[in-house]
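Below is one structure; the comments refer to it alone.
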Amino acid sequence: MEEKLHLLLCEDDENLGMLLREYLQAKGYSAELCPDGEAGYKAFMKNKYDLCVFDVMMPKKDGFTLAQEVRAANAEVPIIFLTAKTLKEDILEGFKIGADDYITKPFSMEELTFRIEAILRRVRGKKSKESSVYKIGRFTFDTQKQILATPEKQTKLTTKESELLGLLCAHANEILQRDFALKTIWIDDNYFNARSMDVYITKLRKHLKEDPSIEIINIHGKGYKLITPEAEG
């Protein structure tokens, strides 16, 4: 019998939280419900979770703060934000922190479970692949360990950073089509996901700036190109 996947659900609306927990449990997940960000952080540090669902507006500690602390403890765990906020700035803030998805209220239970399943499929698929190591300039990039390294230091990338850099490496010195990258990593090529990818491209440029021979350039209307003197997988 397949082991249940463990979800951490943080939602301060008691009725919605209980409804979500019961629905997810009925779908075969193990779901722990916390009423605020502080309780959520304590639960996260005690237990191992496969995915987190955080409401943004919570007492004691908001979802963005909680996500930053969770990311500091575990860069890989997927995070979905739930929020009543529809402002672009708030959604982009969530993606800057490292959100894997963002769902605005009201939403259907079916939509939430679809997005959870899509993220978990992608994570499981990534883990099942053989390790691939790319040489890019002075760097080596291990896609399985999510480590970007030079002889002097190692940088642990987030899951999104690693997935995007992996696609760029696989298409090194070629155009990585924008819509292909969005649908591969973010599932949907909508406006907010596109802006999220721009944020991650900026992060990758910062990680790679130590080697001036490497560039990630914009190809207007098409996508991105990783320019590197050598790209071997």
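Count the DSSP beta bridges whose two residues both fall in the chain, then state the antiparallel fraction as a percent rounded to the nearest 5.
In the chain, DSSP labels about 55 percent of beta bridges as antiparallel.
Please name which of Phe81, Tyr49, Pro212 has its Cα lying farthest along the dipole of the chain towards the positive end, using unit charges on Cβ (Lys, Arg +1; Asp, Glu -1) and the Cα centre as origin.
Ranked along the dipole, the leading option is Pro212.
Taking amide H atoms as placed 1.01 Å from N in the peptide plane, list the residues 5 or more away in sequence, or in a different chain, whose amide H sits under 5 Å from that of His171.
Under 5 Å from the amide H of His171: no residue qualifies.
Return, for the Cα atoms of the stretch 130-232, the radius of gyration and Dmax in Å, separated by a comma.
Reported Rg and Dmax, both Å: 12.8, 39.
Please give the FRET efficiency for Arg138 paired with Asn15, using the beta carbon to beta carbon distance and R0 = 45 Å, rounded to the nearest 0.05.
0.25
Given the options Ile217, Ile185, Ile201, state which has the largest fluctuation in a GNM of the chain using a 10 Å cut-off (strictly under) for Cα springs.
Of the options given, Ile217 has the highest mean-square fluctuation.
What is the magnitude of the charge dipole of the stretch 6-127 about its Cα centre, with +1 placed on the Cβ of each Lys and Arg, -1 on the Cβ of each Asp and Glu, and no other charges, expressed in debye to the nearest 20?
So the magnitude is around 600 debye.
Hey, can you grab everything whose amide H is under 5 Å from the amide H of Tyr102? Only 5+ residues off in sequence or another chain; H modelled, so Pro and N-termini drop out.
Phe81
Mind checking the full-extension length gain between Lys4 and Asp188? Use 0.36 nm per residue of separation minus the Cα-Cα distance, one decimal, nm.
63.6 nm
Every read-out reported here was derived from the displayed coordinates using simple, explicitly stated rules and does not represent laboratory data. This structure is a prediction, so every number in the text was calculated from the model and none was measured. Note that each Cβ is placed from the backbone with ideal geometry, even for glycine, and that neighbours are counted across all protein chains shown.
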